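The values are calculated or read from the model by the stated rules, or taken from the named source; none is laboratory data. What you see is a predicted model; the values in this text were computed from it and never measured. Please note: Cβ atoms are built from the backbone with ideal geometry, for glycine as well, and neighbour counts cover all protein chains shown. Side chains are part of the model used for accessible areas, which takes the heavy atoms of the whole protein and leaves out ligands, DNA and RNA. Shrake-Rupley method; radii C 1.70, N 1.55, O 1.52, S 1.80 Å.
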Amino acid sequence: PGLPPGESEQIFPRLAAAHGNHLAGAAFALAAAAALMSTLDSQLLSLSSMIVQDFFPRDHRSPGNGRAVTALLSLLAWLASLSPPEMILDSLTRFAFPAYAALALPVWAGLYGRRANAPGAAAAVGAGLVLVVLETAGRISLAPLPVPAAILGIQVALMAVFGRIAGTDGSSHRFPGLVPRAKPVWIAAVALTAALGTVGWEYGAPPALIGGVPRWVWLSAGSCGPLA
């Protein structure tokens with residue numbers, strides 16, 4: 001209590017120090033820092049590998065270029081850390097998680113699609129990330145739909161349009177069949193799970209408590225029921 005939002009990264013060390021001795025508190029804090037550093041390291045390496053492999057010409061895909069991209073990404077991360085958001089988790093909720101969701105449809109299409117639709121996938125990813133940035137900056141509003149749900153609908157439309165356009169010239173590009181053999185009952189179960197998991201109709205409404213817990217928590221927890 002009373003901790004300023006800008007010092008929210010001190011919550012874990014303070015709890016460790018308050019409920020354990022100084023040695024245990026220091027060990028717990030170091031363990032958390034080690035986990036964060038390991039995650040950051042893997043993200044830097046993965047991002048640099050993807051950038052070099054996907055965007056560099058074939059004759060420039062070398063370990064040296066990979067190290068250079070890693071250094072550049074580290075520099076950008078350091079510059080971003082000079083002016084951090086007041087609440088890191090709030091920033092993740094508003095930007096990072098919707099951005100992850102914007103990648104879901106192209107990945108799903110790549111895994112289960114029957115035909116290639118590279119232009120549609122690129123357009124879907126680009127549009128999804130642009131919408132996330134604009135919505136996070138307050139330039140547009142996707143309410144009352146949750147941001148990932150609104151982006152998903154736009155991405156599906158984009159992939160369908162690009163697949164239709166590419167298919168008119170007789171090429172192999174088609175809108176991928178994401179659920180080519182799914183039974184109607186499974187499609188209905190997935191749709192119900194998505195509806196219960198997002199509970200968009202609860203946004204902005206006064207919380208309705210059931211057993212002292214908000215109703216949307218019960219709905220989200222029970223959303224896996226139809227798939228069980």
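Annotations
- Of the residues making up the range 35-65, just one is of a type in the set (Asp, Glu) and surrounded by 10 or more Cβ atoms within 10 Å (Cβ to Cβ), namely Asp41.
- Selection of the range 34-61 for residues being of a type in the set (Val, Ile, Thr) and under 19 Å from the mean Cα position of the chain (by Cα) yields Thr39, Ile51.
- The residues of the range 182-199 that are at pLDDT 75 or above and in contact with a helix residue (DSSP H, G or I) (Cβ under 7 Å, 6 or more places away or on another chain), listed by number, are Ala189, Leu192, Thr193.
- When we screen Glu202, Glu135 for residues that are at pLDDT 75 or above and of a type in the set (Asp, Glu), the only hit is Glu135.
- Within the range 75-97, considering residues that are open to solvent by less than 100 Å² (accessible area, probe 1.4 Å) and in a loop (DSSP other than H, G, I, E, B), the one modelled with the highest pLDDT: Ser83
- Against the test of being of a type in the set (Val, Ile, Thr) and under 24 Å from Pro5 (Cβ atoms), the options Val161, Val147, Val69 yield a single qualifying residue, Val147.
- The numbered conditions (1) in contact with a Lys or Arg (Cβ under 8 Å, 6 or more places away or on another chain); (2) modelled with pLDDT of 85 or more are all true for Asn117 except (2).
- Matching residues, the range 11-26, being surrounded by 11 or more Cβ atoms within 10 Å (Cβ to Cβ) and part of a helix (DSSP H, G or I): Phe12, Pro13, Arg14, Leu15, Ala16, Ala17, Ala24, Gly25, Ala26
- Qualifying position, being under 26 Å from Ala71 (Cβ atoms), in a helix (DSSP H, G or I) and among the hydroxyl-bearing types (Ser, Thr, Tyr), among Ser42, Ser8: Ser42
- For Ala127, the conditions (1) open to solvent by less than 60 Å² (accessible area, probe 1.4 Å); (2) at pLDDT below 75 are fulfilled apart from (2).
- For the residues Ala68, Ala29, the requirement of being modelled with pLDDT under 80 and either open to solvent by 90 Å² or more (accessible area, probe 1.4 Å) or more than 28 Å from Ala137 (Cα to Cα) (or both) singles out Ala29.
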